[in-house]
1. Return only the number of the condition from (1) of a type in the set (A, V, I, L, M); (2) surrounded by fewer than 23 Cβ atoms within 10 Å (Cβ to Cβ); (3) within 16 Å of the ligand (Cβ to nearest atom) that A198 does not satisfy.
2. Going through region 32-53 one residue at a time, which ones are surrounded by fewer than 19 Cβ atoms within 10 Å (Cβ to Cβ) and within 20 Å of the chain's Cα centre (by Cα)?
3. Which residue, of E182, E208, is in contact with a His (Cβ under 8 Å, 6 or more places away or on another chain) and surrounded by 18 or more Cβ atoms within 10 Å (Cβ to Cβ)?
4. Among the residues that make up region 123-141, is at least one of them within 16 Å of the ligand (Cβ to nearest atom), surrounded by 16 or more Cβ atoms within 10 Å (Cβ to Cβ) and part of a helix (DSSP H, G or I)?
5. Give the residue that is modelled with the lowest pLDDT, with candidates limited to residues of region 96-122 that are over 14 Å from the mean Cα position of the chain (by Cα) and assigned to a loop (DSSP other than H, G, I, E, B).
6. Is it the case that region 29-40 has a residue that's at pLDDT below 95, acidic (D, E) and either in contact with an Asp or Glu (Cβ under 8 Å, 6 or more places away or on another chain) or more than 16 Å from the ligand (Cβ to nearest atom) (or both)?
7. Within the bounds of region 207-224, is there any residue that is under 15 Å from the mean Cα position of the chain (by Cα), within 13 Å of the ligand (Cβ to nearest atom) and among the β-branched types (V, I, T)?
8. Touching a Phe, Trp or Tyr at 6+ places or on another chain (Cβ under 7 Å), surrounded by 18 or more Cβ atoms within 10 Å (Cβ to Cβ) and under 30 Å from K21 (Cα atoms) - does that describe any residue in region 225-237?
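The values are calculated or read from the model by the stated rules, or taken from the named source; none is laboratory data. Worth saying up front: this structure is predicted, and the values here are computed from it rather than measured. Heads up, the Cβs are rebuilt from the backbone with ideal geometry, glycines too, and the neighbour counts pull from every protein chain shown.
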Amino acid sequence: MPPKRSSLIVFNWKENPRTSKEAIRLAVAVSRAMRSAGKDGPEIVICPPVLYLGALSEKMISRAESRCSLGVQNIFWENNGAYTGEIGPAMVRAAHGNVRYAIVGHSERRRFLGETDEMIRKKILASLAAGLRVILCVGEPVEVRKKGTRAAMQYVKNQLKKDLQSVDSRLRGNDRIIIAYEPIWAIGTGKNCPPEDAREMAAFIKKEAHGARVLYGGSVNGANVARYICYDEVSGVLVGGASLHAEEIKKIIKANI
Ligand code: PGA
């Protein structure tokens, strides 16, 4: 078997931190940890609130290693027009060259903003067309998990089928789309998915999504990250809460060397 590629770590800051000064402080922590990891370090994507992209893009990321890029936590499916409050992929690309990724379909957006699979599908297509890589989040709620692994697999399979419908299959497996398996009951709860279950789901998703890289997300921190990334099927992690703490950032990056 070929050696495992370096991991991909996505830091999803959600609606945090409160100021751009604090955002820069966290980004400095990331770039310091990247420097000490050296060339064997992981690939990093920081997804801050869009308001901070400019500051991070100019002050930090341009000086950091090329293995570190930025992403948006959400994107719209039209590139411009009368869509109050929205930002499209072409606009993001034109404004900030080092914004290379878009998180699409996060369960918090599905839940709080009523995002449907059809909206997600359109967001994926628009992002790919504009040259953004997509991190598509999927994962089952607790009621489904209680019914067992087969039920969880069926739930996720259904999400993938709808979200990736009409997405050119040649784009999948080609790093343009990465799937994050994030069981909803594990997000922000401190209840980790048992690593062996995450591995099993990642293997299943990889098969369903034409060989795409699969990340695990849900209460990942410096103490447990190694238990996920040790598997070949898990290509990295998506980290929320822990990515807001410099010490955790350091431990997570170090564990991925
Ligand atoms: P968490 O969030 O690490 O705080 O559980 C993960 C996510 O929502 O992407």
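1. With respect to (1) of a type in the set (A, V, I, L, M); (2) surrounded by fewer than 23 Cβ atoms within 10 Å (Cβ to Cβ); (3) within 16 Å of the ligand (Cβ to nearest atom), A198 is out only on (2).
2. Here is the first cut: in region 32-53, the residues surrounded by fewer than 19 Cβ atoms within 10 Å (Cβ to Cβ) are 32, 35-36, 38-40, 49-51.
Answer for region 32-53, where residues must be surrounded by fewer than 19 Cβ atoms within 10 Å (Cβ to Cβ) and within 20 Å of the chain's Cα centre (by Cα): P49, V50, L51.
3. Numbers: E208 fails: in contact with a His (Cβ under 8 Å, 6 or more places away or on another chain).
After applying the criteria, what remains is E182.
4. To start, the set of residues in region 123-141 that are within 16 Å of the ligand (Cβ to nearest atom) comprises 134-141.
From the residues that got through so far, the ones that are surrounded by 16 or more Cβ atoms within 10 Å (Cβ to Cβ) too are 134-140.
Adding the requirement that they be part of a helix (DSSP H, G or I) leaves none.
Within region 123-141 (the criterion being within 16 Å of the ligand (Cβ to nearest atom), surrounded by 16 or more Cβ atoms within 10 Å (Cβ to Cβ) and part of a helix (DSSP H, G or I)), the answer is no, since none of the residues qualifies.
5. If we take residues in region 96-122 being over 14 Å from the mean Cα position of the chain (by Cα) and assigned to a loop (DSSP other than H, G, I, E, B), then G97 is modelled with the lowest pLDDT.
6. Scanning region 29-40, I find at least one residue that is at pLDDT below 95, acidic (D, E) and either in contact with an Asp or Glu (Cβ under 8 Å, 6 or more places away or on another chain) or more than 16 Å from the ligand (Cβ to nearest atom) (or both), so the answer is yes.
7. The answer is yes; a qualifying residue exists.
8. Taking region 225-237 as the starting set, the residues that turn out to be touching a Phe, Trp or Tyr at 6+ places or on another chain (Cβ under 7 Å) are 228, 234, 237.
Going one step further and asking which of them are surrounded by 18 or more Cβ atoms within 10 Å (Cβ to Cβ), we end up with 228, 234, 237.
Narrowing the set further to residues that are under 30 Å from K21 (Cα atoms) leaves 237.
Yes - at least one qualifying residue is present in region 225-237.
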